[in-house]
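Here's the structure we're looking at; comments come further down.
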Amino acid sequence: MDARRVVVPGLPIAGLVLAAGAGRRYGRPKALVDLDGRLLVERAVAAARDGGCRPVVTVLGAAAAAVRARADLTDTITTDNPDWATGMGSSLRVGLAALQPTEAVAVVVLLVDMPGVTPEAVRRLAELAAPDSLAMAGYGTDRGHPVLLGRAHWAGVAASAVGDVGARAYLRKRATDLRIVPCGDIAAGGDIDTESDHRQRYGG
């Protein structure tokens, strides 16, 4: 079996890639940033897909037409966030709404600007999937993406996702239910915020 195509057995688990931002500090939408011949949005979709997520929903916003024209998104369902400029929270709401008609019991959420997140990290989170599950990746003393949200939490997450907060406020209130999954041995949790970040971490 191709290791890149391992599907998590049992309950259906969706993937959600948030790729709507304009990348103001970077200078262009990070979905369109090339890293070793592959766009960041393609890398994020592949991490979700190869980590066993079906379906994978990708939320686009800034330069959505250009992303669709340049990126290979054949393995993802794309949806637009008309309010992308208000922050990541609106993209999370749009993505969760797009997943409501599916049978997914949980979703693994990834950010487009974290190319160090691997399919193995996605799979490690997905192994905990259940309707009431809450989990996030741990990198040493830091916490970050991917994040696992069970379906029972989607409405609450959507209600609290405003500005650039995303699911953070909701998870903070439910800290006792949140599992931290160590992923530092198989992934990197840093984001590419600027071109300087890109050069320091990946060269170019």
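The values are calculated or read from the model by the stated rules, or taken from the named source; none is laboratory data. What you are looking at is a predicted structure, and each value in this text was computed from that prediction instead of being measured. Cβ placement follows ideal geometry from the backbone for every residue including glycine, while neighbour counts extend to all protein chains displayed. These area figures cover heavy atoms from the full protein model, side chains too; ligands, DNA and RNA do not enter into them. Shrake-Rupley method; radii C 1.70, N 1.55, O 1.52, S 1.80 Å.
Computed from the Cα positions only, the extents of the chain along the three principal axes stand at 40, 37, 34 Å, in decreasing order. One Cα centroid belongs to the stretch 142-163, the other to the stretch 104-121; the line between them spans 13 Å.
The heavy atoms of residue 162 offer some 90 square angstrom of accessible surface to a 1.4 angstrom probe. Taking every protein chain into account, the accessible area of the chain amounts to 46 square angstrom per residue (probe 1.4 Å).
Measuring with a 1.4 angstrom probe and ignoring ligands and nucleic acids, residue 102 comes out at about 40 Å² accessible.
Residue order by solvent-accessible surface for 84, 154 is 84, 154, largest first, with ligands and nucleic acids left out and a 1.4 Å probe. Computed about the Cα centre, the dipole magnitude for the chain is approximately 240 debye when only Lys and Arg (+1) and Asp and Glu (-1) carry charge, each at its Cβ. With the highest mean first, a sort of the peptides 33-43, 47-57 on other beta-carbon atoms found within 10 angstrom per residue produces 47-57, 33-43. Per-residue ellipticity at 222 nm from helix content only, as computed over the chain with -39500 (n - 2.57) for each DSSP H run of at least four residues, stands at -8000 deg cm²/dmol. When nucleic acids and ligands are ignored and a 1.4 Å probe is applied, residue 153 ends up with an accessible area of around 20 Å².
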